[in-house]
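First the structure, in the form of structure tokens, and then the observations on it.
Laboratory data are not the source of any read-out in this text; all were calculated from the coordinates shown. Source: prediction; values computed, not measured. Every residue, glycine among them, receives a Cβ derived from its backbone with ideal geometry; neighbour counts consider all protein chains shown.
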Amino acid sequence: LGATRVLVDAGVGTYDVGPERSYARSTAAHNTVGVGLGTADQHELWASHRIGARARCETLACAEHRLVGRVRGHDSPAAHRRTIEHHAGTIRITDTLEPPGAPAVVRYFVPEALPLTLHGDTAIIEADGRRCELRALGLAWHRAPALGWLGMGRPAPRVCLSVPVLREGTRVELRPLEG
């Protein structure tokens, strides 16, 4: 909104081996879907900078107002397919699993410093005198505190908004609000 990012990942606060670095590199610290019990990481993470087994990623469609990609984590029971579409000022994000049915959760992170109001399936985020709506169609948001950083040694906590990925898929819409 304006010059303010309203959806952010964890960021990086350290390169030292330890729990903060492990979290910042994890799938659970990013605006994406975690698939499987405990929502395992898409890549096999080693130490502070290394990766073992890797996810398989594909771009399935790339057009002016539509992007479709798929990733299958290194030991995932299903692939995650994400479709991002832009139409009339609204960004629609649809997440599905192939095959459907594995436990999965989609996460979105908002800087804790931004005013955030939840009403069931709708989150209202305020920044720079503007507001936007993040709506999880038909699902109530779960809110939890999360770690985050603006840079090395600069903590900036986040709020994690999450919903399950349903068998038929989960759709989230992001749009600016007037007034």
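Figures for the structure shown
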{"quantity": "Within a Gaussian network of the chain (alpha carbon springs, distance under 10 Å), most fluctuating of 169, 151, 89", "calculated": "89"}
{"quantity": "Choice from 112, 98, 168 with maximal GNM fluctuation in the chain (Cα, 10 Å cutoff)", "calculated": "168"}
{"quantity": "Segment 65-76 - phi-based ³J(HN,Hα) in whole Hz, Karplus 6.51/-1.76/1.60, Gly and Pro as x", "calculated": "10, 8, 9, 10, x, 9, 9, 10, x, 4, 9, 7"}
{"quantity": "Within segment 75-118: backbone nitrogen closer than 17 Å to the residue 156 label point (7 Å, Cα to C-beta)", "calculated": "108-116"}
{"quantity": "Length-normalised contact order of the chain in % [C-alpha pairs under 8 Å, at least 6 apart]", "calculated": "24 percent"}
{"quantity": "The chain: most fluctuating residue of 29, 55, 88 per GNM, C-alpha cutoff 10 Å", "calculated": "88"}
{"quantity": "Whole-Hz couplings from phi, Karplus 6.51/-1.76/1.60, listed for segment 163-173; x for Gly and Pro", "calculated": "9, x, 8, 6, 3, 8, x, 10, 10, 10, 10"}
{"quantity": "25 °C / 0.890 mPa s Stokes-Einstein diffusion coefficient of the chain, Kirkwood radius on C-alpha pairs, µm²/s", "calculated": "144 µm²/s"}
{"quantity": "For the chain, size of Cβ-based charge dipole, Lys and Arg +1, Asp and Glu -1, in debye", "calculated": "180 debye"}
{"quantity": "Charge context of residue 142, other residues only, Cβ under 15 angstrom, K/R +1, D/E -1", "calculated": "+3"}
{"quantity": "Protection proxy ranking of 69-81, 6-18 - average other beta-carbon atoms within 10 Å, highest first", "calculated": "69-81, 6-18"}
{"quantity": "Within segment 76-161: Cβ-based charge dipole about Cα centre, in debye rounded to nearest 20 (Lys, Arg +1; Asp, Glu -1)", "calculated": "120 debye"}
{"quantity": "Built amide H within the under 5 Å cut-off of residue 32, gap 5+", "calculated": "107"}
{"quantity": "Residue 1 paired with residue 17, simple spin-label distance in nm, labels 7 Å along Cα-to-beta-carbon", "calculated": "4.3 nm"}
